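Enquirer: Encoded as structure tokens, here's the structure I'll be asking about.
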Amino acid sequence: MLIFKQLILGLLLPAIVTGGILVFAKASASKGQGESTGRETGISSGWLIAVALGVGYIVGYIGLEGLPPFPPREGVHWLCYLAILGVILGCFWHFSLWGRLLAQVVVSIVIPRFLLNSAFKYTWGQLEGVIWWVCLAVVIFIFWNFVQQSFTTWFPSGASSPFVYFGLSGGTAFVLAVSGTLRLAQHGGILVAIFVASWIVALVLQRHSSSWSVFPLSASPVVTLLLAGIWMNGYFFEEVPAASAILLAISLFLAPVGRIETIQRLGARRSMFVQIAAIALPVVIAIGVAIARSGLFGDNSGY
């Protein structure tokens, strides 16, 4: 029964749901030519893809955990609500730049306070809590903007974007697993499943439309909030090493390497490989740190 929940409800079903909605979104986009630029000009290019990712995760969450309590009692319970919030935000992400910016600021400030409520109450003093709060809000806000840049500038079309997030979520799940956080690792596995489904759909459909943007801006709230939520749970409530958490969080910050003129001279395909390799490097190091800390190959090295 446990294997059934993990493989079918936690991996296969989320992938099917995400892939099915993405195919429907692409079919809808083909009927309305206004979505050809990949901007949030209509239903199919915007909120349907946010729904695909968010609902895919929610299905996997319910399959593993059941319905989350309200109010949430543990940090992991917030993940389902973060997915719901991401979908809601994605539905309105076609608003003005200032409206999106205001939403990013507010959500980046609010999420750490709610998710880490127990740490604010019982672990940190007042000053320490404020410092953590400010730092986390700034990191979430910056990471969110890097996610949006990855959708619009660094990997604007094709299968590169879902492949990058497949690797990032896969590295996250592996780090969580070797750190002894199997429950949370399963939630990272849900992300792996939905990004693999997105990657496969992109590989198939880009043959018919190479300019199709798999992840428009509207998908950024779901991706950002779920990754940030899992990382915060792993570091603050579980045994994920600080170095691994930091490396995972900053991996996407290396994506602009592909925009360096010297790298671009290598050609589109080679520069893309360099870009992906730059993102993968800190993820691989994060995995290595987690393995060393776990003591799988000897005594704990004390990272």
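This table checks each residue for (1) without any contact (Cβ under 8 Å) to a residue 60 or more places away in the chain; (2) crowded, with 21+ Cβ neighbours inside 10 Å.
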residue: 164; (1), (2): no, yes
residue: 167; (1), (2): no, no
residue: 171; (1), (2): no, yes
residue: 180; (1), (2): no, no
residue: 188; (1), (2): yes, yes
residue: 197; (1), (2): no, yes
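Enquirer: Look through 136, 101, 116 and report the one residue that is farther than 27 Å from residue 27 by Cα and without any contact (Cβ under 8 Å) to a residue 12 or more places away in the chain.
Expert: The unique qualifying residue is 101.
Enquirer: Condition first: open to solvent by 10 Å² or more (accessible area, probe 1.4 Å), in contact with a Ser or Thr (Cβ under 8 Å, 6 or more places away or on another chain) and in a helix (DSSP H, G or I). Now tell me which residues in region 221-244 satisfy that.
Expert: 231
Enquirer: Modelled with pLDDT under 90, within 14 Å of the chain's Cα centre (by Cα), farther than 20 Å from residue 74 by Cα and not aromatic (Phe, Trp, Tyr), is that true of residue 218?
Expert: yes
The values are calculated or read from the model by the stated rules, or taken from the named source; none is laboratory data. Computed from a predicted structure; not experimentally measured. Here Cβ is always computed from backbone atoms with ideal geometry, including for glycine, and neighbour counts include all displayed protein chains. All accessible areas refer to the heavy atoms of the entire protein, side chains included, with ligands and DNA or RNA removed. Shrake-Rupley method; radii C 1.70, N 1.55, O 1.52, S 1.80 Å.
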